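Asks: Structure incoming, see below.
The values are calculated or read from the model by the stated rules, or taken from the named source; none is laboratory data. For clarity, every value in this text was computed on a predicted model and none was experimentally measured. Cβ coordinates were reconstructed from backbone atoms using ideal geometry, including for glycine residues, and neighbour counts include every protein chain displayed. Note: accessible area is taken over every heavy atom of the protein model, side chains too, but ligands, DNA and RNA are not part of it. Shrake-Rupley method; radii C 1.70, N 1.55, O 1.52, S 1.80 Å.
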Amino acid sequence: MGRGRVELKKIENKINRQVTFSKRRNGLLKKAYELSVLCDAEVALIIFSSRGKLYEFGSAGINKTIERYQRCSFTPQDEHVECETQSWYQEVSKLKAKYESLQRTQRHLLGEDLGPLSIKELQNLEKQLEGALAQARQRKTQIMIEQMEELRRRERHLGDMNKQLRLKLEAEGFNLKAMESLWSSTSAAANSNFTFQPSQTNNPMDCQPEPFLQIGYHHYVQPEASNNVAKNMGCETNNFMHGWVL
């Protein structure tokens with residue numbers, strides 16, 4: 001029967017773990033030796049047990065193989081790091097010198113530390129200050145001109161708005177006056193249609209009599225021509241009854 005597959009995990013039994021370590025260590029050392037002989041390879045093997053005991057194998061020597069490994073792996077990287085560090089150091093030195101120079105120039109422009117300067121350096125400093133002053137004045141003039149142009153533009157804009165508002169108000173006032181005149185003419189026409197016509201007489205009591213209701217006989221007024229006839233007909237006159245008037 002073949003052996004079953006061994007699960008790769010830590011062996012809890014201490015004795016079994018020690019036995020397995022010895023067997024597999026010997027097999028690993030044997031395989032390293034066979035690889036170095038069969039393939040002409042430089043092999044180095046270092047093993048530390050759980051107790052800290054060292055086991056090693058080197059086909060060309062452990063130290064020699066380690067040195068070769070360091071030359072192939074660490075030395076180029078160390079050289080690259082060293083070159084990069086040197087480059088950064090030089091860059092920092094240049095920036096530091098430039099910073100100090102700028103600080104010194106700033107102090108000179110402010111009128112400080114002028115004692116060590118020569119006549120030529122002072123003349124150059126004076127030219128720099130005059131040039132800076134001329135540029136500052138030119139820039140100030142330009143800004144003032146731009147502000148004046150902006151104010152003029154705003155003034156024209158406000159003037160146009162004021163003109164438009166004035167025309168609008170005038171138009172609204174004209175319309176209002178037209179409406180007022182229309183209302184005035186309409187009111188005058190209405191008043192003329194309902195005007196009271198006074199009588200031609202000055203007597204306020206002289207007015208047309210209104211019709212009234214009569215009950216009974218009509219009042220008869222005899223004419224003057226028939227007075228004589230009435231006298232002759234006295235009997236009839238005495239028997240005549242006047243009507244009622246309400």
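Asks: Determine, for each peptide in 128-135, 28-35, the mean count of other beta carbons within 10 angstrom over its residues, then list the peptides with the highest first.
Replies: Numbers: 128-135: 10.9, 28-35: 13.5.
Per-residue Cβ counts within 10 Å, averaged per peptide and sorted highest first, yield 28-35, 128-135.
Asks: Name the residues whose placed amide hydrogens come within less than 5 Å of the amide hydrogen of residue 45, ignoring near sequence neighbours (fewer than 5 apart) on the same chain.
Replies: The list, which skips near neighbours in sequence, is 57, 58.
Asks: Taking a cut-off of 29 Å between Cα atoms, list the lysines near residue 53, but don't count ones fewer than 8 places away on the same chain.
Replies: Straight-distance partners of residue 53: 9, 10, 14, 23, 30, 31, 64.
Asks: I'd like the carbon and sulfur percentage of the solvent accessible area for segment 4-118, probe radius 1.4 Å, heavy atoms only, ligands and nucleic acids excluded.
Replies: Details: 5540 of 10080 Å².
C and S atoms contribute 55 percent here.
Asks: Just going by the charge dipole of segment 12-159, with Lys and Arg at +1 and Asp and Glu at -1 on Cβ, which of 59, 157, 129 is farthest out on the positive end?
Replies: After comparing all options, I get 59.
Asks: With label points built 7 Å along Cα→Cβ from the Cα atoms of residue 124 and residue 38, find their separation and express it in nm.
Replies: 7.8 nm
Asks: Sticking with this structure for a sec: For segment 141-184, what value does the Rg/Rh ratio take when both radii are computed over Cα atoms and Rh is the Kirkwood radius, given to two decimals?
Replies: On the Cα set of segment 141-184, Rg over Rh gives 1.46.
Asks: Tell me, what HN-Hα J-couplings in whole Hz come from the Karplus equation 6.51 cos²θ - 1.76 cosθ + 1.60 at θ = phi - 60° for each residue of segment 10-25, using x for Gly and Pro?
Replies: Using θ = phi - 60°, the values come out as 5, 7, 6, 6, 5, 5, 4, 5, 5, 5, 5, 5, 5, 5, 6, 5 Hz.
Asks: For segment 63-190, what is the accessible area per residue in Å² when the probe is 1.4 Å? Each step should come with its number before you reach the end.
Replies: Values: 11880 Å² over 128 residues.
I get 93 Å² per residue for segment 63-190.
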